[in-house]
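What follows is a single structure, written as structure tokens, with notes after it.
Bear in mind that the values in this text are calculations on the coordinates, not laboratory data. From a predicted model like this one, the values you see are computed outputs, not experimental measurements. Reconstructed Cβ throughout: ideal geometry from the backbone, glycine too, with neighbour counts over all protein chains shown.
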2 protein chains.
Amino acid sequence: MQEFNIKDVARLAGVSIATVSRVLNGTKRVNPETREKVMKVIEATDFRPNALARGLISKRTNVVGVMIPDISNEIFSRFVNGLESVLEPNGYSLFLGITNGKEETELKYLQLFEDKQIDGIILSGVSYSKNHKHFFQKTRMPIIVSGQQFRDSGIPFVNIENVAGSHMATTYLLNKGHKKIGYISAPLFDIAVGVNRLEGFKKAMKEWQLPISRQSVVVADSFKTSSGYDAAKKLMELSVKPTAIFAATDRIAIGAMNYLYDNGYSIPEDCSVIGFDDIEVSSLLRPSLTTVNVDYVESGFQSGKQLLKLLNRQPDEVVGDILLMPSLSIRNSVSERN
Amino acid sequence: MQEFNIKDVARLAGVSIATVSRVLNGTKRVNPETREKVMKVIEATDFRPNALARGLISKRTNVVGVMIPDISNEIFSRFVNGLESVLEPNGYSLFLGITNGKEETELKYLQLFEDKQIDGIILSGVSYSKNHKHFFQKTRMPIIVSGQQFRDSGIPFVNIENVAGSHMATTYLLNKGHKKIGYISAPLFDIAVGVNRLEGFKKAMKEWQLPISRQSVVVADSFKTSSGYDAAKKLMELSVKPTAIFAATDRIAIGAMNYLYDNGYSIPEDCSVIGFDDIEVSSLLRPSLTTVNVDYVESGFQSGKQLLKLLNRQPDEVVGDILLMPSLSIRNSVSERN
DNA sequence: TTGTAAGCGTTATCAA
DNA sequence: TTGATAACGCTTACAA
């Protein structure tokens, strides 16, 4: 590949390879004159040191491994975006592991990260099996997990205040006069998005001393739009129709909106809709979707920052967890109700 | 990092490191018994060879560098998705370079790819300066470029039939009876999306012997929704309003739709809208957007396949270019007109 | 079939 | 301040 190596540079500059290495790394003192001489050769030959050889001995590769289930999901791509914005300026590049949600692939990448002597790992949307746990216990790699937390693993996390977020959305609806609120939950195997967001809804309803009928909470089959569509159907076919629907994710909310649209309900007059995530589409829809804004770019940014802390930490320094507070993006899908 | 190395395995198995290496690589014949013995130690110790050391000598890293301007842009994230779906099963992992459109960052990653002895490069949405050209001429790395083409570079490309696509969309409008069509072009510095798509529009109009007034073609300031909004405003303020708007990208089309919606025009009754790309939102909008479907996942898939060909090619084998034909996604934003 | 030993291109250690 | 030289962990001739 590269014709030139450090040996050639040393020869051309009339010094030893050790000196060239010192110039390259800025380590230790080098006589300005020799330094100049070497630099000239380096520039003239366009020499660049082999990163593999470098990493082999120095044990540092300046690469961070990122593992996510799906890059074409906006939530993760924005996360990676935020990650990159803090890691790149600090000299780290990204090694991307896309798992498609398969545990087997997850474990494969975890091993690959070690094989390649990557400096640190960022995880988001990955499972937490016995095998994972085993890996986490054995490895010495710095790890940050985002959008979830691995209980008792000691792995620092960056997560969203999901409970507070849905509490916020529910309270907003309640303040607007809605009492009959239908909740479309995300699948409950997802603790953060499924369980926690439902919890925030229940909490707010309880605070207003409003009962939650069994039928008014529908658990969507998946995170897809179509599941929101189906769930909204169930909700609107109840004898007591809700005046507002709160969906655990924007995608699900959009499915619900489409059901309403397709069946002649006007939004928000006949039924208000509120979502969670604030994906890009939400502001583009007409009516635009009122939703809980989660800054996934920021989440990536913070995750990257935490990893940098782990990478540069002092022996006794502790890197804590981070919880990001969502906010409300008020748009046009919710109206007043008496 | 890894406590164990090949030496330890060799010692524990009572063989030489060369034998362990042979077992590891399946190269050359190894006595089944010794092989068994070694395998047992490998499994018992959970030994995994150091990829850096391996790459250093073998000159292969099983890593492909991917360079794109923005991962949070759906078009690129789907592209990466397609790429991964063909590269991962073939044993390659992705090294991701996000450039944010900065030439400086592009060049940095190009060098990084070489430093890290990456096996091949996939480029999409990158510029083509003198420096780039220089790099491409010097490097021996297999490269595939997608969504664009580097003239006279000899670099195989995978691209979309942009001219045919917009010709198709225009013809569709014409067949629906539209004669006064407003075209919102993407910025013209982008050859593929700006120039080529405009060309297809003009071609179709010419075939129908319809004149194109100067005002009926508006070049958007950017690829953003807001630019589509502004452009639609210009179009609808003309003395002769168009009965249909063709926007060079869905994002721009959505901006146009929002302008129409906000100003009391109903779609498609008052004005039809057609887009290009078929991003996810388009099917979610109400009315859903009729648009030219471009399969970016497929584009990534094909790019990956072409790179694999380059990586495994015979000395005299030629890897050609690929042009992907888009199709029409007919939805509800276009109506008949007399 | 197996082992010895020479690299791969760096950094790090120790003298000089 | 500089230069030999020994690692780093592996693959691969070449010998045995």
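Normalising by residue count, the stretch A:33-83 has a Cα convex hull of 147 Å³ per residue.
Given the stretch A:134-234 reduced to its alpha-carbon atoms as identical point scatterers, what log10 I(q)/I(0) does the Debye formula return at q = 0.13, 0.16, 0.22 Å⁻¹? Normalising to I(0) and taking log10 leaves -0.57, -0.77, -1.14.
Over the protein assembly as shown, consider all pairs of different Cα atoms and compute the Kirkwood hydrodynamic radius from their mean reciprocal separation; express it in Å, one decimal.
Result for the protein assembly as shown stands at 27.9 Å.
Give the range of the longest stretch in chain A that excludes all GluC sites (Glu not before Pro) found in loop regions by DSSP and having at most 15 other beta-carbon atoms within 10 Å. The reported range is A:4-236.
Note on chain A: GNM, Cα springs under 10 Å; of A:ALA247, A:ALA13, A:ALA192, the largest mean-square fluctuation is that of A:ALA13. Computed from backbone phi, the HN-Hα couplings of the stretch B:55-72 come to x, 4, 8, 7, 6, 10, 10, 6, 10, 10, x, 10, 10, 9, x, 7, 6, 7 Hz, rounded to whole numbers (Karplus: 6.51 cos²θ - 1.76 cosθ + 1.60, θ = phi - 60°; Gly and Pro given as x).
Taking a straight Cα-Cα cut-off under 22 Å and skipping sequence neighbours fewer than 8 places away in the same chain, the lysines within cross-link reach of A:LYS206 are A:LYS176, A:LYS179, A:LYS180, A:LYS241.
With θ taken as phi - 60° and the Karplus curve 6.51 cos²θ - 1.76 cosθ + 1.60 applied, the whole-hertz 3J(HN,Hα) list for the stretch B:317-329 is 6, 9, 9, x, 9, 10, 10, 9, 8, x, 10, 9, 9 Hz, x standing for glycine and proline. Under 5 Å from the amide H of A:ALA244 lie the amide H atoms of A:GLY182, A:SER272, each residue being 5 or more positions distant or on a separate chain, with H modelled from the backbone and absent for Pro and chain starts.
Within straight cross-link reach of B:LYS130, meaning Cα distance under 19 Å, which lysines are found once same-chain residues fewer than 8 apart are removed? Within the straight-line limit of under 19 Å, B:LYS130 reaches these lysines: B:LYS102, B:LYS108, B:LYS138. Against chain A, whose longest principal axis comes from its Cα atoms, helix A:225-236 is set at around 20 degrees. A Gaussian network model of chain A, with springs between Cα atoms under 10 Å, assigns the largest mean-square fluctuation among A:ASP316, A:ASP115, A:ASP221 to A:ASP316. Across the identical copies, the label point of A:GLY154 (7 Å from Cα in the Cβ direction) is separated from its matches by 5.5 nm, in order from shortest.
When all alpha carbon pairs of the stretch A:145-188 are counted in 10 Å bins from zero, the resulting P(r) reads 22, 37, 25, 14, 2 %. Computed from the Cβ-Cβ distance with R0 of 51 Å, the FRET efficiency linking A:GLN215 to A:LYS133 stands at 0.85.
For the stretch B:203-338, take N as its residue count and report Rg(C-alpha) divided by 2.2 N^0.38 Å. It would help to have the intermediate numbers written out before the result.
Numbers: Rg = 18.7 Å, N = 136, 2.2 N^0.38 = 14.2 Å.
Computed over Cα atoms of the stretch B:203-338, the ratio equals 1.31.
Amide H to amide H distances under 5 Å link B:THR99 with B:ILE68, B:ASP70, where only residues 5 or more positions off or on other chains count and H is placed in the peptide plane.
Between helix A:32-45 and chain A there is an angle of about 70 degrees, using the helix long axis and the longest principal axis of the Cα atoms.
Mean partner shielding of peptide A:323-332, defined as the number of other chain Cβ atoms within 10 Å of each residue Cβ, is 0. Treat chain A as a sphere of radius equal to its Kirkwood radius over Cα pairs and apply Stokes-Einstein at 4 °C in a medium of 1.567 mPa s; give the translational diffusion coefficient in µm²/s, rounded to a whole number. For these conditions, the coefficient is 57 µm²/s.
Starting from the Cα coordinates of the stretch B:120-176, work out the convex hull volume and express it per residue in Å³.
Details: hull volume 5.0 nm³, N = 57.
Expressed per residue, the convex hull around the Cα atoms of the stretch B:120-176 is 87 Å³.
With a simple spin-label model that places each label point 7 Å from the Cα along the Cα-to-Cβ direction, the separation between B:THR45 and A:GLU33 comes to 5.1 nm.
For the options A:SER303, A:SER127, A:SER239, a Gaussian network treatment of chain A with springs between C-alpha atoms closer than 10 Å singles out A:SER239 as fluctuating the most. With its label point defined 7 Å out from Cα along the Cα-to-Cβ axis, A:LYS241 lies at 3.2 nm from the matching points of the other copies, in increasing order. Spin-label model, B:ASN332 to B:SER283: label points 7 Å out along the Cα-to-beta-carbon direction sit 1.5 nm apart. Each copy carries a label point for A:GLU317 at 7 Å from Cα along the beta-carbon vector; from one copy to the others these points are 4.9 nm apart, nearest first. Run a plain Debye calculation on the stretch A:78-128 (Cα atoms as equal point scatterers, no solvent) and give log10 I(q)/I(0) at q = 0.14, 0.26, 0.30 Å⁻¹, rounded to two decimals, same order as the q list. Taking Cα atoms of the stretch A:78-128 as identical point scatterers yields -0.38, -1.10, -1.24. The angle separating the long axis of helix A:162-175 from the principal Cα axis of greatest extent in chain A is about 30 degrees. Using the Stokes-Einstein relation with a Kirkwood hydrodynamic radius computed over Cα pairs, the translational diffusion coefficient of the stretch A:52-172 at 25 °C and a viscosity of 0.890 mPa s comes to 159 µm²/s.
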